[in-house]
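The structure under discussion appears below in the form of structure tokens.
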Amino acid sequence: MEQDTQLLPRDKLLRDTFTPAETSLFGLVLVTANVAFWLAEPRSYWLLGFFLIAAALTPVILKTHEHTHPFFVTLLWPKFWLCTAPVWLLLLQFSLGLLQDPLKTITVGDAEFIQFEMPGHVWLPISTTAETAWPTVFGFSAIYIVAIGLFLVPKSRAFFERLMPYLCLSAVLAGLVGYIQEAMNASKPFLTKGTGMEDFFGYFPYDGHWAAFAAIWTCACISMALLTTRYDDSPPFIESSGPWYLTGGTLLGVSAFLIESKWPAVILLLTYAVMMMFFGINFFSIRRDPHRKVISLFSSLVSFGIFAAAFTRMFQGNGESLVSESLKQGAWEMFRDRPIFGWGMDSYAHLLPYYGSDLLVNENYERAGNDVLQLLAEIGIIGFVFPIILVVCLIGRYLKGRHNIQLTNHFLTGLAAVIVLAFFDSPFMSPAVFYSFVTLLFIALRWADISRNRADEVDASRPQLVTPHSLRRVPFHPVQENDKLR
């Protein structure tokens, strides 16, 4: 790397050695990632409560980072408050919504009924059934705050080069458990009571959530396999750790053949095919590897085969049913009635009986089968647009600079696949998918920042060549002496 050749060994050691904040963040991410990957129940109070505790450690890590970082971090807190602004807006919207609840309980004789009343204040938020929705609101906000540390704390790529192997390994092991359960024709995930549904994979109660999770980590694994070939002292590919990453990405990608849901399986297959195409193209340009032609040809053939399988699956059955169309129509009608703030998080299941068709009578549905429509119905344009604006601004900031950073581009490919899937399914309902999405997003953007800047300039507003007087620990007199006063 060009930056490495300009640094002395002492400077490299200072840059790549973990600070106390980096060590704390490393441990926090490892623990939270394994909990999210293996306890993938979408609305588990235990899981969401755990993330609330973990998020409370983030300000402590950031404050430690501020005091122990060897370089200037003048942009640390401005970045934190700017990047977490959508979270505070969502929490404010939820809190104000406590003042209005469209569902009222009425008693007729000995029976209790729920009455729906259109709120009078159109320009105020609503929080329907806040007593059950608050764990979701605060839990997913906590997941985001835990992940934001990956955009603020690491000062070198060495942090991610040490972290990613563990995250990829955990994701692949979660997939291997799914393969074992499929081979044993298990009726429920191991060591659990199950949910009564058969469309599970591993510890994901819905295989569509697994497909979104696998798409993200397929890109991550294959990207790390390519990363092992980019250093000047890299050994031949088959002698490095690259084949292990490639095998892990393949295991995650081909799990699409075991997924019942049509569009999640198609998106996962296309993601894996695209990544194998990137792998073949990039590998062919590595002149020093003796096996580059064979590996590139094999990757290209695999890519073409998976593309064919994806298009075949796309035109098979398992299409839209009348029930799924009715669920989406109900979400759209809810959005039309309150487009600004929506009806409150997790309100869809409670208000669907008032907006759904007769086909949905006597059935309980928690999801509309389309994350975009459901989020618009629940949090409205205000809650939906601001996170999108933040993500667009962060990615636009990356694209304004040098945007040929391959690891970042490959990570963003997996995230784009999940965004596309959100128009056909409900991937962001899963805490594991949401955690993986925001984690890989901030890793990709931080990797780009570190790659384009010197380590001492990443979080500084401007290079400071002279330490300010207030920060010096030795006597220092910056004012020129006047001899007349002697």
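The values are calculated or read from the model by the stated rules, or taken from the named source; none is laboratory data. Because the structure is a prediction, the values reported are computed rather than measured. As a convention, Cβ positions derive from the backbone with ideal geometry for all residues, glycine included, and neighbour counts pool all protein chains shown. The area values use the complete protein model at the heavy-atom level, side chains included, leaving out ligands, DNA and RNA. Shrake-Rupley method; radii C 1.70, N 1.55, O 1.52, S 1.80 Å.
Placing unit charges on C-beta atoms (Lys and Arg positive, Asp and Glu negative, everything else neutral), compute the dipole magnitude of the range 239-360 about its Cα centre in debye, rounded to 20. If you can, show how the numbers build up before the last one.
Numbers: 9 positive and 9 negative charges, 142 e Å.
Charge dipole of the range 239-360: 680 debye, to the nearest 20.
Can you give the net charge of the other residues whose Cβ lies under 11 Å from the Cβ of Ile148, counting K and R as +1 and D and E as -1?
Working: positive: Lys79, Arg446; negative: none.
Net charge in that neighbourhood comes out at +2.
At a 10 angstrom cut-off on C-beta neighbours, averaged per residue, how do the peptides 10-20, 367-377, 334-344 rank from highest to lowest? List each step's numbers first, then the result.
On the way: 10-20: 14.7, 367-377: 22.6, 334-344: 20.8.
Going from most to least packed, we get 367-377, 334-344, 10-20.
Suppose every Lys and Arg Cβ carries +1 and every Asp and Glu Cβ carries -1, with no other charges. What dipole size does the range 7-60 come out with about its Cα centre, to the nearest 20 debye? Please list the in-between numbers first.
Values: 4 positive and 4 negative charges, 16 e Å.
The calculation lands at about 80 debye.
Label the range 297-427 by shape, choosing from rounded, prolate and oblate, from the square roots a ≥ b ≥ c of the eigenvalues of the Cα gyration tensor; if a/c is under 1.5 it is rounded, and otherwise prolate applies when a/b is larger than b/c, oblate when it is not. Mind dumping the intermediate values first?
Numbers: a/c = 4.04, a/b = 1.38, b/c = 2.92.
The shape class here is oblate.
If you count only protein heavy atoms with a 1.4 Å probe, what accessible area per residue comes out for the range 206-272, rounded to a whole Å²? Present the calculation step by step, with values, prior to reporting the outcome.
Working: 1990 Å² over 67 residues.
On a per-residue basis, the range 206-272 sits at 30 Å².
Please report how far the C-alpha centroid of the range 191-223 lies from that of the range 369-399, rounded to the nearest whole angstrom.
Taking the Cα centre of each part, the range 191-223 and the range 369-399 sit 24 Å apart.
Ordered by residue, what ³J(HN,Hα) values in Hz, to whole numbers, does the range 309-316 give under the Karplus form 6.51 cos²θ - 1.76 cosθ + 1.60, where θ = phi - 60° and Gly and Pro are x?
Whole-Hz 3J(HN,Hα) from phi for the range 309-316: 5, 5, 5, 5, 5, 5, 9, 7.
So, by mean Cβ neighbours within 10 angstrom, what's the order for 183-189, 150-156, 27-33 with the highest one leading? Spell out each step's value before the answer.
Numbers: 183-189: 11.9, 150-156: 23.0, 27-33: 17.6.
Peptide ranking by packing, descending: 150-156, 27-33, 183-189.
For Rg/Rh (Cα atoms, Kirkwood Rh), several values are listed as (1) 1.03; (2) 0.98; (3) 0.94; flag the one computed from this structure.
Among (1) 1.03; (2) 0.98; (3) 0.94, the one derived from this structure is (1).
In debye, nearest 20: dipole of the chain around its Cα centre with unit charges on the Cβ of K, R (+) and D, E (-)?
Values: 34 positive and 39 negative charges, 433 e Å.
The dipole of the chain has a size of about 2080 debye.
Per residue, how much accessible area does the range 312-351 show when a 1.4 Å probe rolls over the protein heavy atoms, in square angstrom?
Ligands and nucleic acids excluded, the result is 49 Å² per residue.
With a cut-off of at most 15 other beta carbons within 10 Å, and DSSP calling the residue loop, which chymotrypsin sites (Phe, Trp or Tyr not before Pro) in the range 414-445 qualify? Please list them. Mind showing how you got there, number by number?
Working: sites: Phe423, Phe424, Phe428, Phe434, Tyr435, Phe437, Phe442; in loops: Phe423, Phe424.
Of the chymotrypsin sites (Phe, Trp or Tyr not before Pro), the ones in loops of the range 414-445 whose Cβ has at most 15 other Cβ atoms within 10 Å are Phe423.
Using only helices, what value at 222 nm comes out for the chain when you add -39,500 (n - 2.57) per DSSP H run of length 4 or more and divide by the total residues, to the nearest 500 deg cm²/dmol? Don't skip to the answer; put the middle values down first.
Details: 17 runs with 297 residues, N = 486.
Taken over the chain, the calculation gives -20500 deg cm²/dmol.
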